[in-house]
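Take a look at the structure below.
The values are calculated or read from the model by the stated rules, or taken from the named source; none is laboratory data. Because the structure is a prediction, the values reported are computed rather than measured. So basically every Cβ, Gly included, is an ideal-geometry build from the backbone, and we count neighbours across all protein chains shown. These accessible areas exclude ligands, DNA and RNA; they are computed on the full protein's heavy atoms, side chains included. Shrake-Rupley method; radii C 1.70, N 1.55, O 1.52, S 1.80 Å.
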Amino acid sequence: MKQRRRLRSSLFVALISVACTVVGVGSQSGTTPDFKNEFFRRCNTFQGDGQSGRNCSDLWDLFTKAFVNRTTCEIDRSDYSDFLNASISTPTVANKAMFWTKVYPFVYSFTGSRSQSGKYVTVVDLLPGYIMNSLSWCWSQESNDFNYTSCPSSRDCPGGKTASNSFWNATSKNFATLASGVVFAMINGSVSSGAFTNNSQFFTVEVPAMDYPRITEMRVVLVHNPLISFRESCSNFTLKTLSETLAAKRINYTCEEDPSEIRQLQCQLYPEYQATEYCSTSDQRSLNRYKLSTLINAAIAVSLKTAFSI
């Protein structure tokens, strides 16, 4: 799987305040500027500038068919079926599928990091998610064009049936049905309302689409924010509900809290964490070794460049 461009946040603390837990949904802003051109740019980039794969014009037609000239709050996830069927060629994602809830965009900083490259596949590593990641869109019947001023949030429509929310519901369910074997889930354990709740697509769409024996085990990575006092553990509160839900499906549940590779990346990305106990001595030593290695490699590169220019 080729590495994809990742989106990063400057502050992990912002994650717990985000009401929406899916990529690109929940904003009241209008359609992303230059939306059509961005769709084609991403579609071509994913496929190697259009040299192979699917016809982006055909995909655009199938995509827009789901919501153009439709009532704003009556878009169902089934309306995107033709687009998803035409754009996804992966028959299964075996032992690599990474799900997440309330940890966007940190999860992509982790799965896209050098040490984790190739170990996981997320919903934005497949063509539909790659194209629509962080974009917003909706249609205006009055102007017969995209509404670039304001789009409804999922809370504004009965059943959350907006163009973007229904798309992510459909894409998330599709991804869950492609997953097989061992699956992974990164979950925010610093949300006071709980990590596994019915305001996330992980709870309402993805976990319900998982079944045994296609999926045998879920390995949860529970991530905490050291600046927040609330801490959910692997075995209580809503994570207990998750383990019981999986047990009823005969899917094994394992969970690890704040593994070292997660803490190291957080301490690297967020300087405000480095003064906390969360960035332990061992993690700080690893971080210092990483920084030293980076400096040494940069110095070697400069020396080689200088040597060959003489």
Report, by residue number, each residue of the stretch 113-171 that is open to solvent by 20 Å² or more (accessible area, probe 1.4 Å), under 23 Å from C43 (Cα atoms), part of a helix (DSSP H, G or I) and not polar (S, T, N, Q). Y130
Per the filter on the stretch 181-240, residues of a type in the set (D, E) and either free of Cβ contacts under 8 Å to residues at least 24 places away in the same chain or farther than 16 Å from D258 by Cα (or both) are E206, D211, E217
Residue within the stretch 84-106 that is modelled with pLDDT under 85, more than 23 Å from T177 (Cα to Cα) and polar (S, T, N, Q) present: no
Scan the stretch 89-98 and tell me whether some residue there is crowded, with 18+ Cβ neighbours inside 10 Å and among the basic types (K, R). yes
Being over 30 Å from A275 (Cα atoms) and assigned to a helix (DSSP H, G or I) is the filter here, so list the residues in the stretch 214-257 that pass it. K240, T241, L242, S243, E244, T245, L246, A247, A248
Within the stretch 189-209, does at least one residue satisfy the condition of being open to solvent by less than 10 Å² (accessible area, probe 1.4 Å), polar (S, T, N, Q), farther than 22 Å from F167 by Cα and in a strand (DSSP E or B)? no
Answer yes or no as to whether V93 is within 30 Å of R263 (Cβ to Cβ) and touching a Leu at 6+ places or on another chain (Cβ under 7 Å). yes
Are there any pairs with C-beta distances below 9 angstrom linking a residue in the stretch 258-278 that is in contact (Cβ under 8 Å) with a residue 12 or more places away in the chain and of a type in the set (G, A, S) to a residue that is assigned to a loop (DSSP other than H, G, I, E, B) and open to solvent by less than 60 Å² (accessible area, probe 1.4 Å), with the two at least 6 apart or on different chains, and if so which? S260/S280
Selection from the stretch 210-228 of residues that are open to solvent by 20 Å² or more (accessible area, probe 1.4 Å), in contact with a strand residue (DSSP E or B) (Cβ under 6 Å, 6 or more places away or on another chain) and more than 12 Å from L246 (Cβ to Cβ): R214, V221
Any idea which residue in the stretch 107-123 is modelled with the highest pLDDT, counting only those that are farther than 24 Å from T92 by Cβ and among the polar types (S, T, N, Q)? S109
Looking only at the stretch 253-262, which residues are surrounded by 18 or more Cβ atoms within 10 Å (Cβ to Cβ) and under 13 Å from S113 (Cβ atoms)? I262
Which residues, counting only those in the stretch 24-55, are modelled with pLDDT of 95 or more and small (G, A, S)? G30
Set Y80, Y108: member being open to solvent by less than 40 Å² (accessible area, probe 1.4 Å), touching a residue at least 40 places away in the same chain (Cβ under 8 Å), part of a helix (DSSP H, G or I) and touching a Lys or Arg at 6+ places or on another chain (Cβ under 7 Å): Y108
